[in-house]
């Protein structure tokens, strides 16, 4: 009888996986798991699966520009490995506030007296309510008491802040008088009223809502969670009129001008920056938020602050249309996308790939991340016969597309021109594998 072959040592198997680029301790664990399972040959696949579980760059061809699962707004940010003045005042040589640098920039961008930054918009809402309304009542329209992505529920965040939610109006119609009656009730102690951008939820038809300008005539402060982070409804950084898909999207400049005392919004949606929550408004109210104990727990680090500073300076320097990736995507014409699609098909043909089952078609891209719910923008992309999603994801730089009815759709609006070569190579590999 032939003796069973002994498996390699853990260290030998781990070293054989060195070309994966994973650290040796990780490879040791992978090798040990493969040997324990009695399947030494599975080690390379296990290493590949681990690599793919790590954060990696991808090409977004889904047609959803701010794709939450893909990090929302794509952002390029570099900084040197130097100490930076996160909490140091160069004028006095003493300790300063990490809110000063970025806060003053966003106050200027929003037309507000002051601003500060926390780590996301849910944190911004939580901090404002905790600092300004804990133990008191906050009327909110029933049509705005919503749940958005990641199980973010307005009533639950309000409960965590220590304030009390007072439902006013109905799901589809809420008037100024509804808020006024809630304020006047003997059993309420209203700290402020809150208006919430419902994000990816919309009610159409027989509807009525109360504007910020109307709420500002009440005798209590107005908080507006505008959500998606549009700075100015006039989008002065783009040429021409504001895009039609932005109609009705709340914006920071207009919210403050209409009388909101304090606003909150996201940094990684329409703003096009890193994940963050921005609070802007009156100096007195923002100051109370800065002094609240939660502010320390929710504060961002130097990397986020520096990236936000760069984003703010880009807007102030009127470079947003060219230097912020999201607005570059938005500003591209269907004609330029058509030319991109034709170029990609031509490059596939040059590689000897049969392109008879690759078609160029009009598509409808979405802003994404709950921004401008229910609206689309015209786009162009490729339709390929067969479901090639898995093959595209397995390319060295994964390409994320979508499929329907055994067809693969690659929308090009969110694909940077510099990534066309990746799309070509990934498609060529996928089509070759399918044939």
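Since every read-out is calculated from the coordinates, none of them should be taken as a lab result. Predicted, not measured: the structure shown is a model, and the values here were computed from it. Reconstructed Cβ throughout: ideal geometry from the backbone, glycine too, with neighbour counts over all protein chains shown.
Among 66, 54, sorting on how many other beta-carbon atoms sit within 10 Å of each Cβ, with the fewest leading, yields 54, 66. Placing a pseudo-label 7 Å from each Cα along the Cα-to-Cβ vector at residue 296 and residue 113 gives an inter-label distance of 2.6 nm.
Contact order for the chain, expressed relative to its length and based on alpha carbon pairs under 8 Å spaced 6+ residues apart, stands at 19 percent. Averaging the sequence gap over all C-alpha pairs within less than 8 Å and six or more residues apart, then dividing by the number of residues, gives region 100-323 a relative contact order of 27 percent. The GNM of the chain, with springs linking C-alpha atoms under 10 angstrom apart, assigns the highest mean-square fluctuation among 182, 73, 372 to 182.
For the pair region 29-67 and region 366-435, the centres of their Cα atoms are 21 angstrom apart. Residues 187, 57, 268 in ascending order of nearby Cβ atoms (within 10 Å, fewest first): 187, 57, 268. For the chain, modelled as a GNM whose springs connect Cα atoms under 10 angstrom apart, the maximal fluctuation among 340, 204, 387 occurs at 204. Placing a label point 7 Å from the Cα of residue 389 along the Cα-to-Cβ line, the residues of region 408-435 whose backbone N sits under 18 Å from it are 408-412, 427, 430-431, 434. Any idea how far the Cα center of region 141-213 sits from the one of region 233-310, in Å? A separation of 20 Å, based on Cα centres. Model label sites at residue 313 and residue 405, defined 7 Å from Cα along the beta-carbon direction, differ in position by 5.1 nm. Stretching the chain fully between residue 349 and residue 173 yields a gain of 57.7 nm (0.36 nm per residue, less the alpha carbon separation). Overall form of region 84-177: prolate. Here a/c, set by the Cα gyration tensor axes a ≥ b ≥ c, is 1.5 or more, and a/b is the larger of a/b and b/c. From the Cα gyration tensor of region 131-217, with a ≥ b ≥ c the square roots of its eigenvalues, which class applies: rounded if a/c is under 1.5, or else prolate if a/b is larger than b/c, or else oblate? Because a/c hits 1.5 or more and a/b fails to exceed b/c, region 131-217 counts as oblate. Going by the alpha-carbon gyration tensor, a ≥ b ≥ c the square roots of its eigenvalues, is region 1-80 rounded (a/c under 1.5) or, if a/c is not under 1.5, prolate (a/b greater than b/c) versus oblate? Taking the square roots of the gyration eigenvalues as a ≥ b ≥ c, region 1-80 is prolate. Measuring nothing but how far apart in sequence close Cα pairs (under 8 Å, 6+ apart) lie, relative to its length, region 183-245 scores a relative contact order of 37 percent.
Length available on full extension from residue 185 to residue 37: 0.36 nm per residue minus the Cα-Cα distance, which gives 46.5 nm.
From helices alone, the chain scores -10500 deg cm²/dmol at 222 nm; the rule is -39500 (n - 2.57) for each run of n ≥ 4 DSSP H residues, then divide by the residue total.
Once the chain from residue 284 to residue 54 is taken as fully extended at 0.36 nm per residue, the excess over their C-alpha distance is 78.5 nm. From most to least packed by mean Cβ count within 10 Å, the peptides 33-46, 209-222 give 209-222, 33-46.
Each of 194, 158 has some number of other Cβ atoms within 10 Å of its Cβ, and from fewest to most they run 158, 194. Descending by average beta-carbon neighbour count within 10 Å, the peptides 85-91, 243-249, 414-420, 136-142 line up as 136-142, 414-420, 243-249, 85-91, the highest first.
Looking only at 119, 239, 172, which one moves most when the chain is put into a Gaussian network model with springs between Cα atoms under 10 Å? Fluctuation is largest for 239.
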